[in-house]
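Below is one structure, written out as structure tokens, with a few remarks after it.
The values are calculated or read from the model by the stated rules, or taken from the named source; none is laboratory data. Just so you know, these numbers come straight off a predicted model, no measurement behind them. All Cβ positions, glycine included, derive from the backbone under ideal geometry; neighbour counts span all protein chains shown. We work out accessible area using only protein heavy atoms, side chains counted, and drop any ligands, DNA or RNA first. Shrake-Rupley method; radii C 1.70, N 1.55, O 1.52, S 1.80 Å.
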Amino acid sequence: MMKEKARIHSRRELAEGIVSMWLKCSLADHAEPGQFVLVYPKDSSRLLGRPFCICEVNPEGDEIRIVFRISGKGTEEIAALEYRDIVEVEGPLGKGYPLECAAGKQVLLMGGGIGAPSLLFLAQRLKKSIVSYGGAKNVSALLGYRNSALKRFLADDFLNVGIQTMIATDDGSDGIKGNVVEVAKRLHSQRVLLPQLIYACGPMPMLKAVGEFAAELKIPAYISLEEHMACGVGACLGCVVPTKERDGHSNVHNARICTEGPVFEASEVLW
Amino acid sequence: MVKKNPDLSVSLCGITFKNPITCASGTFGSGMEYAQFVDLNRLGAITTKGVSDRAWEGNPTPRVTETPSGMMNAIGLQNPGMEVFAKRDLAFLAKYDVPVIVNVCGHILEEYKNVVEFLSDKEGIAMFEINVSCPNIREGGMAFGTSPKELLHVTKEVKAVSKKPVIMKLSPNVTSMADMAKAAEQGGADGISLINTFTAMKIDVYRRRFVLANRTGGLSGPAIHPIAVRMVYEAAHAVEIPVIGMGGIASAEDALEMLMAGARMAAVGMMNFHEPEAMVHVIDGIEKYMEETGTEKIVDLIGCLD
Ligand SMILES: Cc1cc2nc3c(=O)[nH]c(=O)nc-3n(C[C@H](O)[C@H](O)[C@H](O)COP(=O)(O)OP(=O)(O)OC[C@H]3O[C@@H](n4cnc5c(N)ncnc54)[C@H](O)[C@@H]3O)c2cc1C
Ligand SMILES: Cc1cc2nc3c(=O)[nH]c(=O)nc-3n(C[C@H](O)[C@H](O)[C@H](O)COP(=O)(O)O)c2cc1C
Ligand code: FES
């Protein structure tokens, strides 16, 4: 593996402050759903890579898509890159979503805000697996946004995968009112949604609630976590999450999100 | 006057290193994670993450954050302890032809001695680097490294149980670098390395919170490089024992500055995070510098300013 130069093949703003980019890079051909890349700002006062999920890979396997929210100086700089600009990326990093466990199951994808990009690549893989033997039984997605101003970004992409896609907003300005976990609970009690397996990505409080919801239903949930990172490859021990089991590196209870994760089984995490 | 194949080798405490570049402890694991990016055999030495006598959990997160041309960390020395280290990390490193410098940490003197005693008999260790300068643990760590008297005492005690050369790693959070260097030398240290990180603080004004869970963290990276060069110069000119220089090295020029300031070897730290091949680029750059300036031996550059 190495840090490589990627070329921006397209750049589009999906909603205010939400940017989608396709990057041409060789890492695309071995990326898996749930893995991430580090994108390095050019400004040499900003030396650490910014972690972003791999949202999608093109059919040719030579481009990755990232979708991100402008939330600080680094993302601001990356968002200002234009068509044909070059940016340094490293990846694919981390362990993604396990796919085998979806076999024969009704799968629910839960995305909160900027968690949605992490699930699109997974949705595509799961959908493909439905048609083949040993895949998921069916897949639905529930995407939550703060409000309608976010223009339910990426929802069309999930629909294009050919799976049932539901929208929720905190203020009810689009789709169903409520946060994704509240809505999922409601739909479950109405027997509209009867998941046997959940994959989720979003802010930490949401993921914690997803874990509790899955525990109530006695089903597994795989969640993708976030933490500040320095190396992204498991060397600095900067990005840990407390876990029930002993971690593979230090034999304590602090697994590295960049290496043992970013995807963890929810019941494995100590909140 | 381009000269081909200059001699980059240096010797320190009776050990010969093929070039003067190693990694700074804690920024390269035990090399395992970076072996997919870098041919470890290219490096002058590998300096491991701090090893303690038992496994350490480390600090709560966030443990790292970026700062202008640098970063702050408060990892809290999470590590699996000396037994797992010996079984796993040393066994891994044995596959490579590269000297290993084992960085040692502890809360109290006994813990440092336990590690050094236990590892002294293990194969594949060139020397120990004793971290008496970590700003991120409450006891031990930096407390030993900021008083010359304490430093002298710890050095003596560790030396007494070590069968390998002992390098004392010094903190920059002191008034006189020269005094600390002398204390380590008087304690019998075979060498010193510096600098560890500067105690620093970052506040998120919008959330009105400390950015790091530990409140303070150690500042490293190119931002500290000129201060590190000054401190290496002061230390190297205060003692006879060899010095390993580090702090913000990002290029061959930065490493050469350390050597010219008097360091026998130089270590690359946080820049490994920015560029996994940073050390290889530094080594290649030094070789190129030597070819272009007609320098036959790297040792001719060490402390060449005076
Ligand atoms: C595995 C993983 C996948 C991610 N995927 C996405 C994604 O697909 N889309 C998206 O919009 N965001 C994603 N994030 C969050 C994204 O990395 C941060 O928003 C981004 O790093 C902020 O950088 P900045 O320079 O704009 O912010 P600043 O606040 O200026 O950054 C300062 C430092 O803090 C770090 N930092 C700040 N916020 C976060 C955060 N939430 N997580 C990790 N590091 C942070 C930065 O990387 C940088 O080192 C992901 C994070 C992780 C850990
Ligand atoms: C993430 C991180 C972890 C570190 N861990 C250790 C450690 O375990 N032991 C130690 O002696 N120094 C440790 N250090 C300090 C470095 O070895 C080095 O002294 C310091 O970072 C200055 O070099 P730099 O500016 O090139 O990073 C650590 C530094 C960083 C950034
Ligand atoms: S970011 Fe360095 S260990 Fe995860």
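Rounded to whole Å, give me the distance from the Cα center of region A:167-211 to that of region A:1-53.
For region A:167-211 versus region A:1-53, the Cα centre distance is 28 Å.
Using only the Cα atoms of region A:1-105, construct the convex hull and provide its projected area averaged over every direction, in square nanometres to one decimal.
On the way: hull surface 30.2 nm².
For region A:1-105, averaging the hull's shadow over all directions gives 7.6 nm².
Let me have the relative contact order for chain A, percent, based on Cα pairs under 8 Å that are six or more residues apart.
On the way: 630 pairs, mean separation 45.4, N = 271.
Reported as a whole number, the value is 17 percent.
Shielding by partners for A:48-55, please: the mean number of other protein chain Cβ atoms within 10 Å of each residue's Cβ. Please list the in-between numbers first.
Values: counts 10, 3, 1, 0, 0, 0, 0, 0.
Mean partner-chain Cβ count within 10 Å for A:48-55: 2.
Quick one: Cα centre-to-centre distance for region B:1-58 and region B:70-109, in angstrom?
So the separation of the two Cα centres works out to 12 Å.
Once you have the alpha carbon radius of gyration of chain A, what is it after dividing by 2.2 N^0.38 Å, with N set to its residue count?
On the way: Rg = 17.8 Å, N = 271, 2.2 N^0.38 = 18.5 Å.
Cα Rg divided by the expected 2.2 N^0.38 Å: 0.97.
Report in % the part of the accessible area of region B:22-236 that belongs to carbon and sulfur, leaving out ligands and nucleic acids; probe 1.4 Å. Could the numbers behind the result be given before it?
On the way: 4190 of 8110 Å².
For region B:22-236, the apolar C and S fraction of the accessible surface comes to 52 percent.
Taking +1 at the Cβ of each Lys and Arg and -1 at the Cβ of each Asp and Glu, which of B:Ala278, B:Gly221, B:Met231 sits farthest along the dipole of chain B towards its positive end, judged by Cα position relative to the Cα centre?
Projecting each Cα onto the dipole axis, the largest value belongs to B:Gly221.
How long is region B:22-236 along each principal axis, judged by its Cα atoms, biggest number first, in Å?
52, 41, 30
What nm distance separates the two modelled labels at A:Leu270 and B:Cys13, each placed 7 Å from Cα along Cα→Cβ?
About 3.5 nm separates the two model spin labels.
Ordered by residue, what ³J(HN,Hα) values in Hz, to whole numbers, does region A:16-32 give under the Karplus form 6.51 cos²θ - 1.76 cosθ + 1.60, where θ = phi - 60° and Gly and Pro are x?
4, x, 10, 10, 10, 9, 9, 10, 7, 7, 6, 5, 4, 6, 10, 7, 10
May I ask you to derive the relative contact order of region A:36-194, considering only C-alpha pairs under 8 Å and at least 6 residues apart, and to give it as an integer percent?
Numbers: 258 pairs, mean separation 26.5, N = 159.
Relative contact order here is 17 percent.
In region A:148-271, carbon and sulfur make up what percent of the accessible area (probe 1.4 Å)?
Within region A:148-271, the accessible surface is 51 percent carbon and sulfur.
Compute the distance from the alpha-carbon center of region B:235-255 to that of region A:69-122, in whole Å.
When both Cα centres are located, 41 Å separates them.
HN-Hα J couplings of region A:108-120 from phi, Karplus 6.51/-1.76/1.60, θ = phi - 60°, integer Hz, Gly and Pro as x?
10, 9, 10, x, x, x, 6, x, 4, x, 5, 9, 5
Using the Cα atoms of region B:1-130 to build a convex hull, what is its mean projected area in square nanometres? Before the final figure, lay out each step's value.
Working: hull surface 42.5 nm².
Over all viewing directions, region B:1-130 projects a mean Cα-hull area of 10.6 nm².
Which far-off residues, 5 or more places away or on another chain, put their amide H under 5 Å from the one on B:Asp7, with H placed in the peptide plane?
Correct list: B:Lys297, B:Ile298.
Build a GNM of chain B with springs between Cα atoms under 10 Å: which of B:Pro80, B:Pro276, B:Pro68 gets the top mean-square fluctuation?
B:Pro68
Send over a whole-number figure in Å² for the accessible area per residue of the protein assembly as shown, probe 1.4 Å. The partial results should precede the final answer.
Numbers: 22910 Å² over 577 residues.
Counting only protein heavy atoms, the per-residue value for the protein assembly as shown is 40 Å².
Exceeding 30 Å between C-alpha atoms, which entries from my cross-link table qualify? They are A:Lys128/A:Lys185; B:Lys156/B:Lys288; A:Lys24/A:Lys151; B:Lys49/B:Lys95. Don't skip to the end; give the middle numbers.
Working: A:Lys128/A:Lys185 27 Å; B:Lys156/B:Lys288 41 Å; A:Lys24/A:Lys151 27 Å; B:Lys49/B:Lys95 18 Å.
Pairs exceeding 30 Å: B:Lys156/B:Lys288.
Mind checking which of A:Gly72, A:Gly34, A:Gly162 has the largest fluctuation in a GNM of chain A, springs on alpha carbons under 10 Å?
A:Gly72
Checking the a/c ratio against 1.5 first, then a/b against b/c, what shape does the Cα gyration tensor give for region A:159-271?
prolate
Most mobile of B:Asp284, B:Asp254, B:Asp190 per a Gaussian network model of chain B (Cα springs, under 10 Å)?
Looking only at B:Asp284, B:Asp254, B:Asp190, the biggest GNM fluctuation is shown by B:Asp284.
Averaged across B:84-91, how many Cβ atoms of other chains sit within 10 Å of each residue's Cβ atom?
1
Return the percentage of antiparallel bridges among DSSP beta bridges fully within region B:22-236, rounded to the nearest 5 %.
Numbers: 14 of 29 bridges.
Here the share of antiparallel DSSP bridges comes out near 50 percent.
Defining a contact as two alpha carbons under 8 Å apart and six or more residues distant in sequence, what relative contact order in percent does region B:22-236 show?
Working: 449 pairs, mean separation 42.6, N = 215.
20 percent.
Taking only DSSP H segments of four or more residues, each worth -39500 (n - 2.57), what value at 222 nm results for the protein assembly as shown once the sum is divided by all its residues, to the nearest 500 deg cm²/dmol? Walk me through the numbers before you get to the answer.
Working: 13 runs with 135 residues, N = 577.
Dividing the helical sum by the residues of the protein assembly as shown leaves -7000 deg cm²/dmol.
Going by amide H atoms built from the backbone, whose H comes under 5 Å of the H on A:Ala255, apart from near neighbours?
For A:Ala255, whose amide H was placed from the backbone, the distant partners under 5 Å are A:Val241, A:Thr243.
For the pairing of chain B with chain A, what total accessible surface becomes buried, with a 1.4 angstrom probe, in square angstrom to the nearest 100? Provide the component values of the computation, followed by the final result.
Numbers: alone 13180 and 12550 Å², together 22910 Å².
Counting protein atoms only, the buried area is about 2800 Å².
Ordered by residue, what ³J(HN,Hα) values in Hz, to whole numbers, does region A:75-80 give under the Karplus form 6.51 cos²θ - 1.76 cosθ + 1.60, where θ = phi - 60° and Gly and Pro are x?
With coefficients 6.51, -1.76 and 1.60, one gets 5, 4, 5, 5, 5, 7 Hz.
Where both partners of a DSSP beta bridge lie in region B:1-123, what percent of those bridges are antiparallel, to the nearest 5?
Details: 8 of 12 bridges.
Taking every DSSP beta bridge within region B:1-123, about 65 percent pair in antiparallel fashion.
Can you list the residues, at least 5 places off or on another chain, whose amide H is less than 5 Å from the amide H of B:Thr67, using H built in the peptide plane?
Close amide H contacts, sequence-distant or interchain: B:Met72.
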